[in-house]
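Accompanying notes for the structure given below.
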Amino acid sequence: MRRGMLKHGILGLINYHEMTGYEIMQVFKDSLHFFWNAQTSQIYRELQTLENKKWVYKTVVPQQGKPDKNVYAITEGGKAELIRWLADGDLGMNARTPVLMKVFFMGERSREENIGYFEKLQAYCGKVLESLVPVPGHIEAYSAYIGDREKALYWKMTEELGRRNMRTYMEWAHDCIELLEREDNR
């Protein structure tokens, strides 16, 4: 996806509540991870960039017997950047879909290999759907934590599109398998 999206995801999370880098990673794993991948190192690197841009500030909290804790909060400039990004007119759609590029050229392989590809695609999407099972619980928990049920509506919308996308890919892969099997019987 587009460069720079991670910074806006982190700004959005910190906008809800001050967090440590570790807490950001945990919330990421419970929410954004289902549609956006990021490594812990990327999150910490992005936090440094956000701090340099003065979009977040860090408070060092001393701890006994443990390393000091860095707690990040959004600044007015960071909030303005988040709002600017949300309103920038970019729908966030990307016509580049690697799976379609791959399928377009699959005529170079055997039908059996390609049927196997679509079976793997179905299995992958099924696993993603299974991984979404705990998401409604996470949405409820984070909604209660930040005390804003309105925001949870948008989290639910995001989760629903993720589910629909996976089901659509599974149905499409099923139809592709059927088409290949019908053609094989001709």
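The values are calculated or read from the model by the stated rules, or taken from the named source; none is laboratory data. Keep in mind it's a predicted model, so treat the numbers as computed, not measured. Here the Cβ positions follow ideal geometry from the backbone for every residue, glycine too, while neighbour counts run over all protein chains shown.
Only one of Thr40, Thr49 is under 23 Å from Gly12 (Cα atoms) and at pLDDT 95 or above; which?
Values: Thr40 fails: at pLDDT 95 or above.
Being under 23 Å from Gly12 (Cα atoms) and at pLDDT 95 or above holds for just one of Thr40, Thr49, which is Thr49.
Of the residues that make up segment 29-37, is at least one within 18 Å of Tyr145 (Cβ to Cβ), polar (S, T, N, Q) and buried (at least 16 other Cβ atoms within 10 Å of the Cβ)?
yes
Please give the helices (runs of 4 or more DSSP H) falling wholly within segment 1-68 in which 3 or more residues are over 20 Å from the mean Cα position of the chain (by Cα) and free of Cβ contacts under 8 Å to residues at least 24 places away in the same chain.
On the way: elements: 5-16, 21-30, 40-52.
Correct list: 40-52.
When only residues in segment 75-104 that are more than 30 Å from Tyr117 (Cα to Cα) and outside any helix (DSSP H, G or I) count, which is farthest from the chain's Cα centre (by Cα)? I'd like the intermediate steps shown before the answer.
The initial filter retains those residues of segment 75-104 that are more than 30 Å from Tyr117 (Cα to Cα), namely 75-91.
Okay, now just the ones that are also outside any helix (DSSP H, G or I), so 75, 87-91.
On the way: Thr75: 24, Ala87: 20, Asp88: 20, Gly89: 20, Asp90: 17, Leu91: 16 Å.
Here the answer is Thr75.
Got a sec? Which of Glu76, Glu108 is exposed (fewer than 14 other Cβ atoms within 10 Å of the Cβ) and assigned by TED's automatic domain parsing to the domain that holds Val27?
On the way: Glu108 fails: assigned by TED's automatic domain parsing to the domain that holds Val27.
Just one listed residue meets the conditions, Glu76.
Closer than 16 Å to Cys176 by Cβ, in a helix (DSSP H, G or I) and not assigned by TED's automatic domain parsing to the domain that holds Asn37 - does that describe any residue in segment 146-159? Let's see the steps before the verdict.
Step one: list which residues in segment 146-159 are closer than 16 Å to Cys176 by Cβ, which gives none.
Scanning segment 146-159, I find no residue that is closer than 16 Å to Cys176 by Cβ, in a helix (DSSP H, G or I) and not assigned by TED's automatic domain parsing to the domain that holds Asn37, so the answer is no.
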